[in-house]
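**Q** For reference, the structure I am asking about is given below.
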Amino acid sequence: QVQLVESGGGLVQAGGSLRLSCAASGSIFSTDAMGWYRQAPGKQRELVAHITSGGGSTKYADSVKDRFTISRDNAKGTVYLQMNSLKPEDTAVYYCNAAVRLTGWGPVLTYWGQGTQVTVSS
């Protein structure tokens with residue numbers, strides 16, 4: 001059983017900062033790419049940021065470039081999302097995503113966290 005547990009969401013004023021964390025646990029052989037997605041009311045889930053297994057490559061949605069930073073600590077099995085200069089349009093439920101191998105020869109499986117609410121007031 002693999003679990004992704006997010007934390008760090010909350011209510012913040014525009015211009016403020018939040019740091020989201022997502023810890024992976026369970027019988028994991030290795031964790032490949034990880035990412036953060038968000039879904040605002042009435043909208044589709046969208047990719048916010050993505051990071052490769054070694055952390056050497058990242059990509060961001062245009063709307064969050066230069067404001068958000070994704071990072072990971074493989075020793076802790078954790079991915080982070082530092083969000084600065086937050087705007088009301090960043091309000092959404094943020095979901096963690098991880099590509100995981102349960103064995104060295106098995107397929108890559110995708111897991112999702114339960115989501116954490118981020119609300120930015122104007």
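The values are calculated or read from the model by the stated rules, or taken from the named source; none is laboratory data. Predicted model, so just to flag it, every value in this text is computed and none were measured. As a convention, Cβ positions derive from the backbone with ideal geometry for all residues, glycine included, and neighbour counts pool all protein chains shown. Areas reflect the complete protein model, heavy atoms only, side chains present, ligands, DNA and RNA absent. Shrake-Rupley method; radii C 1.70, N 1.55, O 1.52, S 1.80 Å.
**Q** Leaving out ligands and nucleic acids, note down the accessible area per residue over segment 1-90 with a 1.4 angstrom probe, in whole Å².
**A** On the way: 4880 Å² over 90 residues.
For segment 1-90, the per-residue accessible area is 54 Å².
**Q** Determine the sum of side-chain charges near residue 72: Lys and Arg each +1, Asp and Glu each -1, restricted to other residues whose C-beta is under 15 angstrom from that of residue 72.
**A** With Lys, Arg at +1 and Asp, Glu at -1, the neighbours total 0.
**Q** Non-local amide H neighbours of residue 115 (under 5 Å, H modeled in plane, Pro and chain starts lacking H): which ones?
**A** 6, 96
**Q** Enumerate the lysines that residue 76 could reach by cross-link, defined here as Cα to Cα under 22 Å, with residues fewer than 8 away along the same chain left out.
**A** Answer for residue 76, where 22 Å is the Cα cut-off: 59, listed by chain and number.
**Q** Also, quick follow-up: Subtracting the Cα-Cα distance from 0.36 nm times the residue separation, let me have the gained length for residue 17 to residue 57 in nm, one decimal.
**A** So the chain would gain 12.1 nm between residue 17 and residue 57.
**Q** Roughly how many Å² of residue 95 are accessible to a 1.4 Å probe, to the nearest 10?
**A** My reading of the accessible area for residue 95 is about 40 Å².
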